[in-house]
2 protein chains.
Amino acid sequence: MHANLISHIQKFIELDAHAIEMLHGYFKRTTYKKKESLLKAGQVCRSLHFVEKGCVRMYFITDKATEQITQFAKENWWISDYFSFMDNIPSPYFIQTIEKSEVLSIDAAVFETMLKELPQMERYFRMIMQRAVAASQLRIKYMSELSKEAFYNHFCTSFPEFVQRVPQYMIASYLGLTPEYVSELRKKKL
Amino acid sequence: MHANLISHIQKFIELDAHAIEMLHGYFKRTTYKKKESLLKAGQVCRSLHFVEKGCVRMYFITDKATEQITQFAKENWWISDYFSFMDNIPSPYFIQTIEKSEVLSIDAAVFETMLKELPQMERYFRMIMQRAVAASQLRIKYMSELSKEAFYNHFCTSFPEFVQRVPQYMIASYLGLTPEYVSELRKKKL
């Protein structure tokens, strides 16, 4: 069933058979085609999303009407607009699949019910969020420290799978580079 | 005693008298003079720090031997290098007071003990970390979207207290601007 989610949780906390059964009830599984939307700008982001299979991106539209990607997520990654989710306010983001994907989603009210009924999930989410904060600290360090070329090389080394699966123009958008520049860097690396 | 910390926690979860008493035992209070270090690059960040009074900054030294500030923290804010803290690895960061400060610190082992003895603290830290992730999402959006002038103006509007308390050259470092440019922008705003 929710095989990837359950094993991911079990990396952090213990789950008995009852908890596993309960967890199956809280999450809704949706199969999305390529380029389908989980969230559109202007909507409230009502769910936390866990990617069971596939690959998604989060982006917003800039003043210059271009797509600026801020995050990718693949198998076993969580993705959401957390301010929108917590404070029930419209999101500036789109979340869209890059490939055909299977996503487990939990909405805000069910999330609270789950945390009451299975309080050990507070620990899991505390650890997940703590790792996300750590990753952001590192990303902000790289954004302010690395040259564009070094930032691209670092991304390729850290996330080789995204480089394989994600179109080059999306990687350029994520890194704040032009597609032409990424194309040049790629040739240099070959 | 740890008045600010206790009220901060009580904004998120309920604490009975026993829990409050326990909490006093887990945290160590240190009074720092201006420009004292809580962490130096190369050391493991062994503690989570909560600013009871005062103001601190987190920074690293770039290749060009300049200080790049990545975070500020004032009263009721948490600050730490989370990867270093979680994975017990040397930190690239310095954490240093900007003013005379009082800081409550909890080290990794005591943190785990606290979470076992007061499991409701998992919820508090889950919520704190979730808000930190949300704030990072927003910051990354601004970093990739706003012009330097708009970024400065946004910072002044969002964090007027830092503009009052923190030397101008530190704000410039945080925003990735030269002190001269910030000085010009400041004149423009007056």
Charge dipole of the protein assembly as shown about the Cα centre (unit charges at C-beta), most positive-ward option of B:Leu118, B:Phe83, B:Gly42:
B:Gly42
Out of residues 5 or more away from A:Cys55 or on other chains, whose amide H comes under 5 Å of its own, with H placed 1.01 Å from N in the peptide plane?
A:Ile98, A:Glu99
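Which values, in whole Å and largest first, are the semi-axes of the equivalent ellipsoid of chain B obtained as the square root of 5 times each eigenvalue of the Cα gyration tensor?
Each semi-axis is the square root of five times an eigenvalue, giving 31, 18, 16 Å.
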Note down the magnitude of the dipole of chain B about its Cα centre, charges +1 on Lys and Arg C-beta and -1 on Asp and Glu C-beta and zero elsewhere, to the nearest 20 debye.
640 debye
Projected onto the charge dipole of segment B:98-190 (+1 at Lys/Arg Cβ, -1 at Asp/Glu Cβ, origin at the Cα centre), which of B:Phe162, B:Tyr142, B:Val103 gives the Cα projection farthest towards the positive end?
B:Tyr142
Please give the charge dipole size of segment B:69-114, origin at the Cα centre, charges +1 on K and R Cβ atoms and -1 on D and E Cβ atoms. Round to the nearest 20 debye.
140 debye
Taking θ = phi - 60°, what integer Hz values does the Karplus form 6.51 cos²θ - 1.76 cosθ + 1.60 yield along segment A:14-20, in sequence order, with x for Gly and Pro?
7, 10, 8, 4, 4, 4, 4
Give me B:His18, B:His154, A:His49 sorted ascending by neighbouring Cβ count inside 10 Å, so fewest comes first.
B:His18, B:His154, A:His49
When N counts the residues of segment B:1-77, how does its alpha-carbon radius of gyration compare numerically with 2.2 N^0.38 Å, as a ratio?
1.34
For the protein assembly as shown, size of Cβ-based charge dipole, Lys and Arg +1, Asp and Glu -1, in debye
1080 debye
Is the C-alpha gyration tensor of the protein assembly as shown telling us rounded, prolate or oblate? Criteria: a/c under 1.5 is rounded; beyond that, a/b larger than b/c is prolate, otherwise oblate.
oblate
In square nanometres, what is one fourth of the surface area of the convex hull spanned by the alpha carbons of segment A:44-144?
7.4 nm²
Going by Cα centres, segment B:86-118 and segment A:142-183 are how many Å apart?
33 Å
Can you find, among A:Pro92, A:Ala172, A:Val133, the residue sitting farthest towards the positive end of the charge dipole of segment A:88-190, where Lys and Arg contribute +1 and Asp and Glu -1 at Cβ?
A:Ala172
Sites A:Lys116 and B:Arg186, calculated FRET efficiency, Cβ-Cβ separation with R0 56 Å, nearest 0.05:
0.70
How large are Rg and Dmax for segment B:119-190 when only the alpha carbon atoms are used, in Å?
15.2, 51
Hey, can you grab everything whose amide H is under 5 Å from the amide H of A:Val44? Only 5+ residues off in sequence or another chain; H modelled, so Pro and N-termini drop out.
A:Ser91
If I model a spin label at B:Trp77 and A:Lys64 as a point 7 Å from the Cα along the Cα→Cβ vector, what separation in nanometres do I get?
3.0 nm
Test of understanding: ordering A:Glu14, A:Glu102 by Cβ neighbours within 10 Å, fewest first, what list do you get?
A:Glu14, A:Glu102
May I ask you to evaluate 6.51 cos²θ - 1.76 cosθ + 1.60, the Karplus curve with θ = phi - 60°, for each residue of segment A:124-131 and list the ³J(HN,Hα) values in order in whole Hz, giving x for glycine and proline?
4, 5, 4, 5, 4, 5, 4, 5
Prolate/oblate/rounded label for segment A:151-190 (Cα gyration tensor, a/c 1.5):
rounded
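Is there a pair in A:Lys11/A:Lys74; A:Lys188/B:Lys64; A:Lys74/B:Lys28; A:Lys141/B:Lys148; B:Lys11/B:Lys148 whose C-alpha atoms are over 29 Å apart, and which pairs would that be?
Exceeds cut-off: A:Lys74/B:Lys28; B:Lys11/B:Lys148.
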How far apart, in nm, are two points set 7 Å out from the Cα along the Cα-to-Cβ line at A:Ile13 and at A:Asn153?
4.2 nm
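Values quoted throughout were computed directly from the atomic coordinates according to the rules given, and no laboratory measurement underlies them. Owing to the predicted nature of the structure, the values given are computational and were not obtained by experimental measurement. Don't worry about glycine lacking a Cβ; one is built from the backbone with ideal geometry, like all the others, and counts go over all protein chains shown.
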